[in-house]
1. Sort H280, H141, H68 so that the residue with the fewest other Cβ atoms within 10 Å of its own Cβ comes first and the one with the most comes last.
2. What is the distance in Å between the Cα centroid of segment 210-258 and that of segment 270-294?
3. Anything in the chain that counts as a DSSP H helix reaching 15 Å or more along its axis (C-alpha) with Kyte-Doolittle mean of at least 0.0? List them, would you?
4. In a GNM of the chain with a 10 Å cut-off on Cα contacts, which of R303, R93, R83 has the highest mean-square fluctuation?
5. Using just the alpha carbons, could you tell me how many Å³ per residue the convex hull of the chain encloses?
6. Write down the percent of antiparallel bridges among all DSSP beta bridges whose residues are both part of the chain, to the nearest 5.
7. By average Cβ neighbour count within 10 Å, what is the ranking of 167-177, 319-329, 114-124 from highest down?
8. Specify the inter-centroid distance of segment 303-322 and segment 14-45, based on alpha-carbon positions, in whole Å.
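Nothing in this text is a laboratory measurement; each read-out follows from the coordinates by a stated rule. Because the structure is a prediction, the values reported are computed rather than measured. With ideal geometry, Cβ positions are generated from the backbone for all residues, glycine too; neighbour counts draw on all protein chains shown.
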Amino acid sequence: MKNYDGFRQLKTRRENEALWVEISNPPVNFLTTDLLEELYVLVKKIRRDDSVRVLVLTGARDDVYIMHFSIPELLQLATHNRRLLLHLLVKTRLTSALLAGYMTLTNRLMDLFPWYEWIMMKSAKAIRKISSSMFLWLQMHRLYIEVERLNKITIAAINGPCNGGGTELSACFDFRFMVADQGFTIGQPECLVNIIPGGGSSQRLPRLIGRAKALELMLRGNQLTPQEAKQIGLVTDVFAKKDFKKKVRQFAELMAKRPPVAIDAIKKSVLQGMQTSLTHGLSIELTQSLRCLDTKDTDMAMRAYIRYIDENIMTIDPDRATTKDVVGVLNRTLDVMENARIFGKFQGK
């Protein structure tokens, strides 16, 4: 079991197979580059830890999640961009396209070669005092991609107000839960100060809640109640404060029972498939299906399910069974499957 101590702005605790990560940057948990860097290091460690099945991110204090990104850090970006002449590159369509193409290539190379990502991150950090722009951009985007692609179930437990960078970070998680009864809101207000949601929301929110709702949220810069956020699919569910930790904990424990290979395969199929054509997406799905079938976990689960069918379904008398009987059998089957009552422990192999 890995040690997750030693972070300044992150507190961690284990709850069975779930790792709870609590953001601690008083008074309102502004996101900063340093905090993002700590979270990036932590997520990298979690990826290699087979004992962790679920990651939960929340605020260390009650009623404090993530207010938004640090405005003083954003304010200095314009000055720092001029030091690298980045502001000149967006003056024309040609140079803008070249810059975008370069960054796309850089991201793809970092995806393919971990050593290249390490070099890029170290180089950007080395010039941070002169110009923080590139380090912030790389740190933010590589962290969010890492969270999105993490081979675990990820849960954002939003226990306080959530704006800007907090919403962007939370959008990378598989599930988002929010306290429903304390007046907390969630939003993307960047437009109100003449910037865009530069941490990925202009790309992820349309994929998450649809183009129209994403544009409305970002262009109006308005706040959504937890109930409104749930209605449009921005958050998975909302709970009263008194039940919040208990409900999230129960959900995390349920998700920890899911087979690790299937989790990783589903996430890869969805994320990679959304970035390509349907035809190629189906090919990605095929490769992940082949991968899942070639595991001891799949063999164990299917054999266990066959035994369950033989003992609980094939014994039904078709001439005497009523509709109520059939529905009851189906519901019981779904329950034992969802709660992994008929399976052994999934080993991820």
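1. H280, H141, H68
2. So the two Cα centres are separated by 27 Å.
3. In the chain, the long hydrophobic H runs are 33-47, 93-112, 133-148, 260-273, 278-293, 323-338.
4. Of the options given, R93 has the highest mean-square fluctuation.
5. Measuring per residue, one finds 174 Å³ for the Cα hull of the chain.
6. 30 percent
7. 167-177, 114-124, 319-329
8. Segment 303-322 and segment 14-45 have Cα centres separated by 48 Å.
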